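None of the figures in this text is laboratory data; all of them are computed from the coordinates on show. These numbers come from a predicted model, not from an experiment. Positions of Cβ are generated from backbone atoms using ideal geometry, with glycine treated the same way; all protein chains shown enter the neighbour counts.
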Amino acid sequence: MDEVIKNVKVRFDHNQNKQILKEKYESKMLFALQGGMWEAGPDLLSTLSVCLDDTAVLTDLYNTPVQINTKDLYNEAQMRWQEQMNAWLVEYEQSSRER
């Protein structure tokens with residue numbers, strides 16, 4: 001019985017740790033640029049990748065319309081997204097091994 005309880009606690013701790021990591025790295029995806037507040041991620045990157053012009057008007061996280069340079073915003077969002085996802089993966093794998 002003690003082994004079952006120990007296994008449940010380990011699983012619970014692992015799931016709680018996953019949630020903490022998610023919140024930690026999602027907060028690091030937020031950044032201010034060109035007068036707006038943005039969240040790096042697939043939605044922003046895909047929107048920017050279909051913008052054909054160098055400038056566009058997008059709504060930021062606060063639903064404020066902001067005229068932006070699409071290439072600059074794309075580059076910053078891509079860099080931040082990849083950097084944080086790599087760090088998240090490393091930390092997740094490390095915590096999984098400790099389990």
| field | Karplus (6.51, -1.76, 1.60) ³J(HN,Hα), θ = phi - 60°, over segment 52-69, in Hz, Gly and Pro reported as x | value | 7, 8, 6, 10, 7, 10, 10, 8, 7, 4, 9, 6, 9, x, 9, 7, 10, 8
| request: Quick one: compute a quarter of the convex hull surface over the Cα atoms of the chain and quote it in nm². | output: 7.4 nm²
| Taking amide hydrogens as modeled 1.01 Å from N in the peptide plane, which residues meet the under 5 Å criterion relative to LEU33, leaving out close sequence neighbours? | TRP38
| 5 angstrom amide H check on ALA56, placed H, neighbours 5+ away | ILE68, THR70
| query | Which net charge results when you count Lys and Arg as +1 and Asp and Glu as -1 among the other residues whose beta-carbon is under 14 Å from that of LYS22? | reply | -1
| Least to most buried among LEU73, LEU48 (fewest other Cβ within 10 Å first) | LEU48, LEU73
| query | By how many nm would the segment from GLU26 to ASN86 lengthen if fully extended, with 0.36 nm per residue of separation less the alpha-carbon distance? | reply | 20.3 nm
| Within a Cβ distance under 13 Å of ILE68, other residues only, what is the Lys/Arg minus Asp/Glu net charge? | -4
| Residues GLN16 and ASN69, FRET efficiency given R0 of 35 Å [Cβ-Cβ distance, rounded to 0.05] | 0.30
